[in-house]
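To keep things clear, I will list the structure first and then write my remarks on it.
The values are calculated or read from the model by the stated rules, or taken from the named source; none is laboratory data. Note that the structure is predicted; figures quoted are calculated from it, not measured. In this analysis, Cβ positions are derived from the backbone assuming ideal geometry, glycine residues included, and neighbour counts consider all displayed protein chains.
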Amino acid sequence: MPDDSPPDLSPEFASLLDAPLLEHLDLEVVKQYRAPLPGLGSTERVERTDRTIEGDPPVEVRIHRPRSGSSHPRPCVLSIHGGGFIIGSFDMDDARFETWSGVLGVIGVSVNYRLAPESPYPGALQDCDRALTWVHENASDLGIDSSRIGVYGPSAGGGLAAALALMVRDRGEIRLGFQLLEAPMLDDRRTTQSSRLDGLVVWNREANEFAWQCYLGDIFGEPDVPAYAAPARATELSGLPPSFISVGGADGFRDEDIEYALRLSRAGVPTELHVYPGAPHGYQMFVESTAAQQGARDAGEWLARVVAPS
């Protein structure tokens, strides 16, 4: 029988057990969570510029550029924000690129993709694909080394990043340098042991089901949902770029993420996996926690290695 709470939730996150769960997530609640977030704007270390990629519809991107360092072409991280496909914006990336751009020297390009349910699959993925294509086609003007472009995403953004990696591999037009996935949302079927736990904090199973319903729309629950919508359904993972996957031990996505990392490794993809004991979904938001600090170090060190000139 399911426990009332995740059995391995770390004591430093115990206060979350008293926080309201998202059991009754609906469109009205989603609207409240879509309140604009304050962005950092340009800082001493990072210059930020918003651009619009023309098309129908247009796609907004934010470019994070280090103010100092080499004038040679730089590696690029195309960042896809989280939020269950239904909330969030590219403002959520600003703090992360203070380190990745300001310290590691990468150029960040954050995508403000369309949200569900107003724009179900494949709307968000199409926006991310257009952003990646734009970055690749304009790499020289942007000061980007086209051989060192990779994708990053947390949660739903990780699912979109994984889907984008599958799509560009299959097309064969762009070769990604890496994929960095933090607690990616990969499997619409929700059949793993961790996804069915009662008492999950931050993102429980009811919220997860609602978000997948919003994103998949009419194909939710169908047996043939495409892998570009739910990457865990992909039958072939060979040929994907070097991969980093991290997840908390008290996250409902734990099992699907571990299995995806194992399948990548079995397919011959260089893969690094980190599972942080007792950490819930969204542990990165709790920046003073042990898991958040260790996770930031692990991701940053891996990124520094994978973008280093060969």
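For region 114-136, which residues satisfy the criterion of being more than 17 Å from Phe85 (Cβ to Cβ) and surrounded by fewer than 18 Cβ atoms within 10 Å (Cβ to Cβ)?
Hit for region 114-136 is Thr133, nothing else.
Are there any pairs, at least 6 apart or on different chains, whose C-beta atoms fall under 6 Å, with the first in region 251-272 and without any contact (Cβ under 8 Å) to a residue 24 or more places away in the chain and the second among the hydroxyl-bearing types (Ser, Thr, Tyr) and buried (at least 17 other Cβ atoms within 10 Å of the Cβ), and if so, which?
Note: pairs meeting the criteria are Ala261/Thr271; Ser265/Thr271.
Can Ala207 be described as surrounded by fewer than 21 Cβ atoms within 10 Å (Cβ to Cβ) and touching a Leu at 6+ places or on another chain (Cβ under 7 Å)? First the steps, then the outcome.
Values: surrounded by fewer than 21 Cβ atoms within 10 Å (Cβ to Cβ): no; touching a Leu at 6+ places or on another chain (Cβ under 7 Å): yes.
No.
Of all residues in region 174-213, which are under 23 Å from Leu16 (Cβ atoms), of a type outside the set (A, V, I, L, M) and part of a helix (DSSP H, G or I)?
Within region 174-213, Ser194, Ser195, Arg196, Arg205, Glu206, Asn208, Glu209, Phe210, Trp212 qualify.
Right, Val77: part of a strand (DSSP E or B) and either in contact with an Asp or Glu (Cβ under 8 Å, 6 or more places away or on another chain) or more than 30 Å from Tyr276 (Cα to Cα) (or both) or not?
Criteria not met by Val77.
Please work out which residue is modelled with the highest pLDDT, limiting yourself to region 11-33 and to residues that are over 23 Å from the mean Cα position of the chain (by Cα) and either in a loop (DSSP other than H, G, I, E, B) or surrounded by 14 or more Cβ atoms within 10 Å (Cβ to Cβ) (or both). Give the steps one after another, and end with the answer.
Going through region 11-33, the residues over 23 Å from the mean Cα position of the chain (by Cα) turn out to be 11-12, 14-15, 17-20, 24, 28.
Okay, now just the ones that are also either in a loop (DSSP other than H, G, I, E, B) or surrounded by 14 or more Cβ atoms within 10 Å (Cβ to Cβ) (or both), so 12, 17, 19-20, 24.
Values: Glu12: 90, Leu17: 77, Ala19: 67, Pro20: 59, His24: 72.
Within region 11-33, the match that is modelled with the highest pLDDT is Glu12.
Inspect region 137-154 for any residue being part of a helix (DSSP H, G or I), crowded, with 21+ Cβ neighbours inside 10 Å and either in contact (Cβ under 8 Å) with a residue 24 or more places away in the chain or touching a helix residue (DSSP H, G or I) at 6+ places or on another chain (Cβ under 8 Å) (or both) and give the result as yes or no.
No, that holds for no residue.
For region 254-263, name all the residues that are over 17 Å from the mean Cα position of the chain (by Cα) and surrounded by 15 or more Cβ atoms within 10 Å (Cβ to Cβ).
Arg263
Select from region 34-78 the residues that are exposed (fewer than 15 other Cβ atoms within 10 Å of the Cβ) and among the hydroxyl-bearing types (Ser, Thr, Tyr) and write down the one among them that is nearest to Pro309 (Cα to Cα).
Ser70
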